[in-house]
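The values are calculated or read from the model by the stated rules, or taken from the named source; none is laboratory data. Remember, predicted model here, so these are calculated numbers, not experimental data. Cβ: placed from backbone, ideal geometry, glycine included. Neighbour counts: every protein chain shown. Accessible surface areas use protein heavy atoms only, side chains included; no ligands, DNA or RNA. Shrake-Rupley method; radii C 1.70, N 1.55, O 1.52, S 1.80 Å.
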Amino acid sequence: MKKEENKWLPLSFFPWESEFYTINCPVLKEFNGKKITLNNFPVKKAVIFKSFNDKRDAALLFSTTKDLFILFKSKIDRKEGLRKYRKEPPYWTDDTVELMIDPKHSHRQYYMFVTSALGKKESSLMTAGQGRVRYERKVSGEPANLKWESKIKITKTEWVTLVKIPYRSLGIEMDPSMVLGINFLRNRASEGKTVTTDIFNGNSIHSPWVFNDMVLEKKSVRVEKIFLDNMYADADNILCVTIRNIKKDTAEMILKVTVLTGEQYDYYSGNSVKFELKPEEKKDISLLYRLDPLEGGWLKIKVEILEQDGKISYSGDFHASFKNGMELAYAQPAHSFKDPKPEDPDFYINKRRYIMSSLPLFERVNTAQGAPGDFCIRSADKKIMFNLMKPGVLKKIADFIHHRFHNDIDRLLGAVYLIHQPAFMNYVNISAFVEDNLTPLSILRFQNAQCGSYADVLLGVLEKLRIGSTKKCWTGHILGLSGHMIMAVHYKGQHVPLDAQVGCFFYKKGNKDLASIQDLIKDPWIADQAKNRYSRFFQDIKKLHLGYYGKVIWPENAPAE
């Protein structure tokens, strides 16, 4: 897919890529225990960072074996001056200097330190999700025992801020081999401007996946970019790292990826590749890895670059899954699978593979790719086209599913995994207030939404899907669970749950018929066979919260169904 041909698609559709600077922060042991002030800061021995989108700002850094010191220098606009009114947090409406540190290089959890132009300070522990849509969520207020210092000096032309942060306050001990994430922010409230690293490329200022890297010792190589292609469960995924040799000798290194899964982050899979870089050479090193297909909540991808003796030159974690990072979709199987027998020990995995391999892979296309309109879904082999602006397209999709499978259960599951394809629905963690009022076809045109909208679209398709050889179609409701929404189809007099967003279905014990919601409440083991810990959504359900999709049509004057 060529990005320039799909500019109408949201940015979140594309793979995740991070470009950043590496800051070599010197460790000055002679300053251990010595009081550092604004007047005696060792400017000549510190490293200076100037790569901001406003050249009036700069940061100087050095470390001791116990503390990290940052001196932030900021030129003041004589006309605008500084905004400094707030005496209580939050201080972001005033001019501030802000520092963000990801101490474990998790690209997820970080500390934020704020100093206002009045000398007021505030700190917090933050967690951010990473993936197709970026979002921030504050975890807590100022953590206990978070001791740090901040001093300011303001003249007519310059504001200087000195920050001292003990490593122990970050929950770590200083290790020369470690890599930390770090970002600087200068909020020029008086000018209505936010200053940060000049290669954020549209990411939020609170995006730890694009923080700069800070190292405390000189490395053989420098990581300049990390590319994680669209992640899929049950498939080979691509990791590509852009690495530069910064020494005058040839570097022989190892790129290693480890996938950890489950609440305890147990080992699931790994891969590594050796590579060689000539002096000052830059290369893209690629590696394949696989994710746990039954894990929907806890997946960690650890990326490491090792020297031949095993010494770590780079280490960083990246999180995947609905719970804590990039939203995953199941990959389209590369070949066909047979329908598994009920006694198959991997029944759920192979049933999903069979259903998905019976469906073609689809893609979103518009007039630039020769489609009849800008809201079209086309099979990769170009044999099937669904024009979402044509009346009757939901019935056309339902008829396609009906003819593709030979029994009602497989047709229901076929609808689940057709909607699960990113070409149909793409999960984004944004406000759902708009989509909640839309019709299923309108949501399908919009494409990007949360779990409840997947359920709306699935219900809209099933209401056009014929039962058996009759003219009667399925009915159902939207079901609200604890922190999740799915669709419940009326099947044999019961509510049977189907989850198109996560990609889940449920069978009774014996794997011969679909399980109802009551079956899952009575026996949580059933839900956990489909996805690890899925039963948590059905805990404490005393009454079913059933709903229905909206009636608003988008775009205006478009067909309703």
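Selection within the range 453-493: residues that are open to solvent by less than 10 Å² (accessible area, probe 1.4 Å) and among the small types (Gly, Ala, Ser). The member of this set that is nearest to ASN387 (Cα to Cα) is GLY460. Report yes if some residue within the range 516-531 is without any contact (Cβ under 8 Å) to a residue 12 or more places away in the chain and among the charged types (D, E, K, R); otherwise report no. Yes, that holds for at least one residue. State all residues of the range 280-292 that are outside any strand (DSSP E or B) and at pLDDT below 95; if no residue qualifies, say none. Those that are outside any strand (DSSP E or B) and at pLDDT below 95: GLU280, LEU291, ASP292. Among the numbered conditions (1) assigned to a helix (DSSP H, G or I); (2) open to solvent by less than 10 Å² (accessible area, probe 1.4 Å); (3) in contact (Cβ under 8 Å) with a residue 60 or more places away in the chain, the only one that PHE424 does not meet is (1). Between ASN426, ASN448, ASN387, which is assigned by the TED database to the domain that holds PRO524 and over 26 Å from the mean Cα position of the chain (by Cα)? Result of the check over ASN426, ASN448, ASN387: ASN387. Tell me, yes or no, whether the range 173-182 has at least one residue that is surrounded by 17 or more Cβ atoms within 10 Å (Cβ to Cβ) and among the polar types (S, T, N, Q). Taking every residue of the range 173-182 in turn, none turns out to be surrounded by 17 or more Cβ atoms within 10 Å (Cβ to Cβ) and among the polar types (S, T, N, Q). Taken as a whole, the condition of being part of a loop (DSSP other than H, G, I, E, B), at negative phi and surrounded by 22 or more Cβ atoms within 10 Å (Cβ to Cβ) does not apply to TYR110.
If the condition is being at pLDDT below 90 and crowded, with 17+ Cβ neighbours inside 10 Å, then the range 204-216 contributes ILE205, HIS206, SER207, PRO208, TRP209, VAL210, PHE211. When residues in the range 228-270 are screened for being open to solvent by less than 60 Å² (accessible area, probe 1.4 Å) and either in a strand (DSSP E or B) or among the β-branched types (Val, Ile, Thr) (or both), 20 of them pass. Mind checking whether some residue in the range 399-410 is under 19 Å from the mean Cα position of the chain (by Cα) and over 22 Å from ILE553 (Cβ atoms)? Checked against the condition, which is being under 19 Å from the mean Cα position of the chain (by Cα) and over 22 Å from ILE553 (Cβ atoms), the range 399-410 yields no hits at all.
Residue-wise test of (1) out of contact with any Pro (no Cβ under 7 Å at 6 or more places or on another chain); (2) hydroxyl-bearing (Ser, Thr, Tyr); (3) assigned by the TED database to the domain that holds SER442.
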position: ALA329; (1), (2), (3): no, no, no
position: LYS338; (1), (2), (3): yes, no, no
position: SER357; (1), (2), (3): no, yes, yes
position: PHE362; (1), (2), (3): yes, no, yes
position: VAL365; (1), (2), (3): yes, no, yes
position: GLY392; (1), (2), (3): yes, no, yes
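Out of all the residues in the range 532-548, which are farther than 27 Å from LYS351 by Cβ and touching a residue at least 12 places away in the same chain (Cβ under 8 Å)? Passing the criteria: ASP540, HIS545, GLY547, TYR548. Against the test of being within 29 Å of PHE62 (Cβ to Cβ) and within 18 Å of the chain's Cα centre (by Cα), the options LYS218, LYS300, LYS225, LYS247 yield a single qualifying residue, LYS225. For the range 41-84, the tally of residues that are touching a residue at least 24 places away in the same chain (Cβ under 8 Å) and over 30 Å from PRO26 (Cα atoms) stands at 7. The condition (being within 30 Å of ILE254 (Cα to Cα) and either touching a Gly at 6+ places or on another chain (Cβ under 8 Å) or not polar (S, T, N, Q) (or both)) is satisfied by just one residue among ILE205, ILE182, ILE165: ILE182. The number of residues in the range 358-394 that are crowded, with 17+ Cβ neighbours inside 10 Å and assigned to a helix (DSSP H, G or I) comes to 2. Residues of the range 517-561 that are surrounded by 20 or more Cβ atoms within 10 Å (Cβ to Cβ) and in a loop (DSSP other than H, G, I, E, B): LYS531, TYR549. In this structure, does LYS351 turn out to be among the charged types (D, E, K, R), assigned to a helix (DSSP H, G or I) and either open to solvent by 20 Å² or more (accessible area, probe 1.4 Å) or in contact (Cβ under 8 Å) with a residue 60 or more places away in the chain (or both)? Against the criterion (among the charged types (D, E, K, R), assigned to a helix (DSSP H, G or I) and either open to solvent by 20 Å² or more (accessible area, probe 1.4 Å) or in contact (Cβ under 8 Å) with a residue 60 or more places away in the chain (or both)), LYS351 qualifies. Identification of strands (runs of 3 or more DSSP E) wholly contained in the range 1-87 with 3 or more residues that are modelled with pLDDT of 90 or more and charged (D, E, K, R) yields 67-75. Would you mention how many residues in the range 288-312 are surrounded by fewer than 17 Cβ atoms within 10 Å (Cβ to Cβ) and among the hydrophobic types (A, V, I, L, M, F, W, C)? Qualifying residue count, the range 288-312: 2.
Go through the range 506-516 and give me each residue that's assigned to a loop (DSSP other than H, G, I, E, B) and either open to solvent by less than 60 Å² (accessible area, probe 1.4 Å) or in contact with a His (Cβ under 7 Å, 6 or more places away or on another chain) (or both). PHE506, GLY510, ASN511, ASP513, ALA515, SER516, listed by residue number.
Of everything in the range 464-490, what is in contact with a strand residue (DSSP E or B) (Cβ under 8 Å, 6 or more places away or on another chain) and farther than 18 Å from GLY547 by Cβ? Give them in sequence order. LYS464, LEU465, ARG466, ILE467, LYS472, CYS473 - these are the residues of the range 464-490 that are in contact with a strand residue (DSSP E or B) (Cβ under 8 Å, 6 or more places away or on another chain) and farther than 18 Å from GLY547 by Cβ. Only one of the numbered conditions (1) closer than 30 Å to ASP249 by Cβ; (2) charged (D, E, K, R); (3) touching a Gly at 6+ places or on another chain (Cβ under 8 Å); (4) part of a loop (DSSP other than H, G, I, E, B) is violated by LYS302, and that is (4).
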